[in-house]
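The values are calculated or read from the model by the stated rules, or taken from the named source; none is laboratory data. Note that the structure is predicted; figures quoted are calculated from it, not measured. Positions of Cβ are backbone-derived with ideal geometry, glycine not excepted, and every protein chain shown enters the neighbour counts. We work out accessible area using only protein heavy atoms, side chains counted, and drop any ligands, DNA or RNA first. Shrake-Rupley method; radii C 1.70, N 1.55, O 1.52, S 1.80 Å.
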Amino acid sequence: MENSFIIENLLQQKEGVRLEFKAQPNIDAIAKSITSFINTQGGDLVVGIDDNKKVVGIENAQQQAFSIQSALVDLIKPTAPISVQVVHYKKNDVILISVWEGAKKPYQYKGVIYNRIGQVTKTTSPEKLTNLISQRKQADFHWERMPVLGAELIDLDTVEIDKTIKLFKEYKKEAKIEDVEDFLIQVGLLQNGNITNACMVLFGKNPIRFIPQSRIRLTLYPSKTSGNKFIDDKMFEGNVFKNIAAIFEYLDIVYGKNLTVNGLLRTDKPNYPVLALREGILNAIVHRDYNSVKGFLQISIYSDRTEISNYGTLPDGITVADLKVEHNSILRNPDIAQMCFYRKYIEMLGTGTQRMIRDCKENRFKAPIWKQNENTTMVTFPEVAHNRKSAGKTEGIAEGISIPIIAKVERITEEIAGEITESVGQRLKEIVLLIFKTSGLKVADLMAHFEVSERTIKDNLKTLTDAGFIEYKGSKKTGRYQLSKTLHDKLH
């Protein structure tokens, strides 16, 4: 069952500073524990499991989860990301509540500040309160909250901000927001009238003008090694949300989909572990070290693997081995992470790496491998490779044609694939690409290129002509095959 493995992992651990089990959904007791988690190291609370780790379950779990989240969001101040999920585990529904360590300490519930000592939730002592306030002051001097000199509200993408406000209001239903500026102040992205670094990375119209190291590079290599030759090399230079949308749209093209036709039903399944790649890229975006002008985020896709390299080491206290199991969620960029949570890019707090491993296994890929070298953290996805498998002729045909055009041709030719073999489908694609590139070809040209018979080429051309993708123009002796106007318009 989806996410049940997370409960299994938690049951193998002892209650402590980051973990608590509760048999009943007592909102008051839950709120005190969750407040203490936010003020300490973050953590997980599972409702429906007693102190002896017996799974007792929760009746009407979805309704209870909604009530719990609403109460926690409204009563714990300041507002913090709180993930509440119903998980079906061994014939019972339990409620998993997860939180990060907060960046705006101290947090309070009904005016009282709580913190976590071992497995006990306690009201905060004067000494601890002083420490929490000191942590808050240090957070205010963090890179994320430094002002962007010369930036004004006009430099921000209000469309993306409005999307975030809408989802923030769904999360915190009692929120009162007057306008964009008021929202940015409330969430700490506008400090003393200044746009912060985090705000610019998240919502800038042209963030690299102010923070050039925020760009993301994606390179597609033809083989198993990097070098001077590459199929495509792209820079994503928008804000976080524009980049996320553009990258995932591009990945669908690069990895391709497996098309199956059963009767009248057509099914498209991505050729890569979608959740795992999404988590890996989001982790890199959220945890990268933006502070250094040498910072980078590089996505490299080879013929046998995908690598995500990120400038910045793992936070102190976290090792590569920790990523494979339940571990502290220490945020390098809490403001960026918080907005990604409100935008629902981050669904469950603190379980990303475990879900990556699980998703790879469920989709029959090898588990991701993490490495750390000096100032770089890398995650490798073995066997998650691009779909540019044809070398030689196809590579030559595609030279000079952009990846989006190639992808459109692939999708269009797939529509007429039907019961034809993979090799014929590949040749149909290549014929369209050749005609696109040369703007007119004869049967003899295609016969020579593909080294097949006249009958084979004419059959292929008839298939494409009947589908309305190409047309023959000119006399019988001097005419040539060209793209149809319909296909030409689709590709431009």
Pick from segment 217-232 the residues that are touching a strand residue (DSSP E or B) at 6+ places or on another chain (Cβ under 7 Å) and at pLDDT below 85: which of them is farthest from Ser303 (Cα to Cα)?
Asp232
Mind checking whether some residue in segment 208-218 is of a type in the set (Phe, Trp, Tyr) and buried (at least 16 other Cβ atoms within 10 Å of the Cβ)?
yes
Please note which helices (runs of 4 or more DSSP H) are completely contained in segment 117-192 and include at least 1 residues that are modelled with pLDDT under 90.
126-140
Tell me which helices (runs of 4 or more DSSP H) are completely within segment 408-492 and hold 3 or more residues being modelled with pLDDT under 85 and within 28 Å of Pro270 (Cβ to Cβ), or say none if there are none.
422-438, 485-491
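Condition check ((1) open to solvent by 60 Å² or more (accessible area, probe 1.4 Å); (2) at pLDDT 90 or above) across all residues:
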position: Tyr250; (1), (2): no, no
position: Tyr272; (1), (2): no, no
position: Ile285; (1), (2): no, yes
position: Ser292; (1), (2): no, no
position: Phe296; (1), (2): yes, no
position: Tyr302; (1), (2): no, yes
position: Thr306; (1), (2): no, yes
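For every residue, the table says whether it meets (1) among the hydroxyl-bearing types (Ser, Thr, Tyr); (2) surrounded by 14 or more Cβ atoms within 10 Å (Cβ to Cβ); (3) within 30 Å of Ser292 (Cα to Cα).
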position: Pro78; (1), (2), (3): no, yes, yes
position: Pro126; (1), (2), (3): no, no, no
position: Val148; (1), (2), (3): no, yes, yes
position: Glu152; (1), (2), (3): no, no, yes
Does segment 80-100 hold any residues that are crowded, with 21+ Cβ neighbours inside 10 Å and at pLDDT below 90, and which are they?
Trp100
Going by the structure shown, is Glu454 loosely packed, with under 12 Cβ neighbours inside 10 Å, at negative phi and not β-branched (Val, Ile, Thr)?
yes
Scanning segment 198-207 residue by residue, those under 15 Å from Ile154 (Cα atoms) and crowded, with 19+ Cβ neighbours inside 10 Å turn out to be Cys199, Met200, Val201, Leu202, Phe203, Gly204, Pro207
Determine whether Lys32 is touching a helix residue (DSSP H, G or I) at 6+ places or on another chain (Cβ under 8 Å) and among the basic types (Lys, Arg).
no
Assuming Gly43 fulfils every condition listed in (1) over 28 Å from the mean Cα position of the chain (by Cα); (2) on the phi > 0 side of the Ramachandran plot apart from one, which condition is it?
(1)
Candidate set from segment 154-182 (those that are open to solvent by less than 60 Å² (accessible area, probe 1.4 Å) and of a type in the set (Ser, Thr, Tyr)); member that is nearest to the chain's Cα centre (by Cα)
Thr164
Pairs returned, first residue in segment 71-87 that is in contact (Cβ under 8 Å) with a residue 24 or more places away in the chain and aliphatic (A, V, I, L, M), second residue that is surrounded by fewer than 19 Cβ atoms within 10 Å (Cβ to Cβ) and assigned to a strand (DSSP E or B), beta-carbon separation under 9 angstrom, 6 or more apart or interchain, are Ile76/Gln108
